[in-house]
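Comments concern the structure below.
Only the coordinates and a few stated rules stand behind these numbers; no lab work does. These numbers were taken from a predicted model, which means no experiment stands behind them. Quick reminder, even Gly has a Cβ in these numbers, built from the backbone with ideal geometry, and neighbours come from all protein chains shown.
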Amino acid sequence: MKHLSQLTPAEVVLLTKPGATHNELLKLTFIDLLFKQVLKTYEVERRPHYRDKLKVYTYVSIGKNFETYTSLNHERVFLSSFVSDTSIEILFSNLVKIAYQKSKALLYYKADIYKTPTLQKCFSQNIFQKLLYKYSITDYGAKLKKEVKEEIQIEANKLANNSTLESQMVIDLIEKIGGNIFLLVAFDHELFSRIDHEMGSIINRVNDNSGVGESGCAYMSFDDYSSSFDSSCSGDSGCSGGGCSGCGGD
C-alpha cells in the first residue's frame with residue numbers, strides 16, 4: 001500500500017476524480033485529521049435557554065498529534081485556528097464555516113492541493129492555464145493515478161470479501177491510510193455503512209494507546225459529518241450575531 005498510506009484523501013480525490021466538489025474535499029480532509037489524531041471531537045449537552053430542551057453540541061479541539069504533525073496547505077484551513085491557542089475549543093459548525101472562509105472557493109482550494117510536494121509533479125500549467133486555474137496531467141501524474149486506482153481497487157476488494165469486517169482489520173487499515181478508507185467503499189453504499197458502523201464502535205471504545213482514537217472522543221459517522229458540513233455551510237446557522245469571529249483563525 002505504497003501511495004494510500006502517504007497521500008491525503010484530498011490529494012487522492014484530486015488525482016483520480018477531477019470533478020471533486022469543494023464540500024467533498026473539505027469533509028475528507030477534516031475526517032482524515034481526526035483519524036490521524038491531529039484534531040478530536042467531543043460532545044456536550046446543554047440548554048441554549050433554561051426553557052429549552054437539552055441539545056447536543058459537537059466541539060473540536062487539538063488531538064495528541066497536533067504538535068508534531070507536519071500539515072499541508074489544504075489542511076491548515078482547519079488547523080490554523082488552533083495555532084495561537086492550543087487550548088481553544090471550537091464548535092464544530094463554526095470550524096466548518098471558518099474552513100470554508102479560509103479556503104475561499106473551490107478553484108483556490110484545489111490550487112492549494114495541487115501545490116503539495118507529490119501533486120506538484122503530477123500536474124503542469126502553461127501561461128493560459130494559470131490564468132484560468134486549469135491543469136494538465138504529466139506523465140508522472142498519469143502513472144501515479146493508475147497506481148493509486150489499482151491500490152484502491154485492491155484494498156476495496158479485501159474489504160468487500162471480508163464479511164465479518166473484524167475490528168482489528170479495520171483498525172490496522174485506518175492506521176495505514178486514515179480517511180482514505182472512505183474512498184475504498186464509496187461505490188458500495190451497503191459496505192460503506194458497515195465500515196462506518198464498525199469504525200464508530202471501535203473509535204468510541206479504544207484507549208489512547210490503540211493508535212486510532214482517544215478516550216472520551218466522540219465519533220460521528222461520515223454521514224453525520226456530511227450532513228453537518230452541509231447544514232453548517234448553508235446560511236449562518238451556528239454563527240449567529242457575528243459570523244465566526246472569536247473562533248480563532250488568522
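Screening the stretch 1-81 for helices (runs of 4 or more DSSP H) wholly inside it with 1 or more residues that are touching a Lys or Arg at 6+ places or on another chain (Cβ under 8 Å) and farther than 27 Å from Lys121 by Cα returns the ranges 22-35. Among the residues examined, Glu24 qualifies as under 13 Å from the mean Cα position of the chain (by Cα) and free of Cβ contacts under 8 Å to residues at least 12 places away in the same chain.
Taking the stated definitions as given, is Leu79 of a type in the set (A, V, I, L, M) and farther than 29 Å from Glu43 by Cα? Answer is no for this residue. Checked against (1) surrounded by 14 or more Cβ atoms within 10 Å (Cβ to Cβ); (2) closer than 30 Å to Glu150 by Cα; (3) in contact with a helix residue (DSSP H, G or I) (Cβ under 8 Å, 6 or more places away or on another chain), Ser5 meets all criteria but (1).
Identify all residues within the stretch 56-111 that are among the acidic types (Asp, Glu) and in contact (Cβ under 8 Å) with a residue 40 or more places away in the chain; write none if there are none.
Taking the stretch 56-111 first, the residues among the acidic types (Asp, Glu) are 67, 75, 85, 89.
Those that are among the acidic types (Asp, Glu) and in contact (Cβ under 8 Å) with a residue 40 or more places away in the chain: Glu75, Asp85.
Out of the stretch 64-81, which residues are over 14 Å from the mean Cα position of the chain (by Cα) and either surrounded by 10 or more Cβ atoms within 10 Å (Cβ to Cβ) or small (Gly, Ala, Ser) (or both)? It would help to see each step written out before you state the result.
Taking the stretch 64-81 and keeping what is over 14 Å from the mean Cα position of the chain (by Cα), we get 64-70, 80-81.
Hits for the stretch 64-81 are Lys64, Asn65, Phe66, Tyr69, Ser80, Ser81.
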